[in-house]
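Each remark here refers to the structure printed beneath this line.
The values are calculated or read from the model by the stated rules, or taken from the named source; none is laboratory data. Just so we're clear, the structure is a prediction, and the values are computed from it rather than from any experiment. For neighbour counting, all protein chains shown are included, and Cβ atoms are generated from backbone atoms with ideal geometry for every residue, glycine included. We work out accessible area using only protein heavy atoms, side chains counted, and drop any ligands, DNA or RNA first. Shrake-Rupley method; radii C 1.70, N 1.55, O 1.52, S 1.80 Å.
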Amino acid sequence: MKFLIYLSIFFILQSCQVDIERKFQINEYERSNSSPENVSPDVYKVLYENDDYIILEATFEPGQGDNLHTHADMFYYVIQGSMMQITSEDGEVFTAELKSGDFQNQKSTTHQVTNIGSTTARIIAIEEK
């Protein structure tokens, strides 16, 4: 009889452990303080998110920049293009002309972006968590 009680307690504890592990996995996907929507909410709007992805809309008015931020691996689509200046984490500066309809995969990166063009830039980014 004691054996059955111990066996039951063992299975109850095992099931509790699974629930605890699931909670840790969910917390693993929380966005960091350096995520674009957290450091530049005036530029980045969250359109949708789940446990695996977040979809962001970025709107840069001419002359507007964001704060230094970090992206995970992502895919982006340019709704409306402009000339952009990108400054990497180590201070390297380069320019890129984003054209309407462009799309690209991008590996994780930390950078700061400024719209140096004369038109508003609008971009949709689908970022892994």
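Provide a single number: the residues in region 28-46 that are closer than 15 Å to Asn115 by Cβ and open to solvent by 30 Å² or more (accessible area, probe 1.4 Å). Total meeting the criteria: 1.
Hey, can you tell me all the residues within region 114-129 that are within 15 Å of the chain's Cα centre (by Cα), β-branched (Val, Ile, Thr) and within 24 Å of Pro62 (Cβ to Cβ)? Across region 114-129, the qualifying residues are Ile123, Ile124.
Scanning for something touching a helix residue (DSSP H, G or I) at 6+ places or on another chain (Cβ under 9 Å), in a strand (DSSP E or B) and at pLDDT 95 or above, does region 90-98 turn up at least one residue? Taking every residue of region 90-98 in turn, none turns out to be touching a helix residue (DSSP H, G or I) at 6+ places or on another chain (Cβ under 9 Å), in a strand (DSSP E or B) and at pLDDT 95 or above.
So which residues in region 47-85 are open to solvent by 60 Å² or more (accessible area, probe 1.4 Å), of a type in the set (A, V, I, L, M) and assigned to a strand (DSSP E or B), if there are any at all? Those that are open to solvent by 60 Å² or more (accessible area, probe 1.4 Å), of a type in the set (A, V, I, L, M) and assigned to a strand (DSSP E or B): Leu47, Ile79, Met83. Just to verify a result, which residue in region 107-129, among those that are without any contact (Cβ under 8 Å) to a residue 60 or more places away in the chain and exposed (fewer than 14 other Cβ atoms within 10 Å of the Cβ), is farthest from Asp51 (Cα to Cα)? Across region 107-129, the extreme among qualifying residues is Ser118.
How about region 86-99: which of its residues are more than 20 Å from Val39 (Cβ to Cβ) and open to solvent by 80 Å² or more (accessible area, probe 1.4 Å)? Passing the criteria: Phe94, Thr95, Glu97, Lys99. Looking across region 48-85, the residues that are at pLDDT 95 or above and polar (S, T, N, Q) come down to Thr59, Gln64, Asn67, Thr70, Gln80, Ser82, Gln85.
Does Asp102 satisfy being at pLDDT 95 or above, under 20 Å from Glu127 (Cα atoms) and surrounded by fewer than 17 Cβ atoms within 10 Å (Cβ to Cβ)? Yes; evaluated as a whole, the condition is true for this residue.
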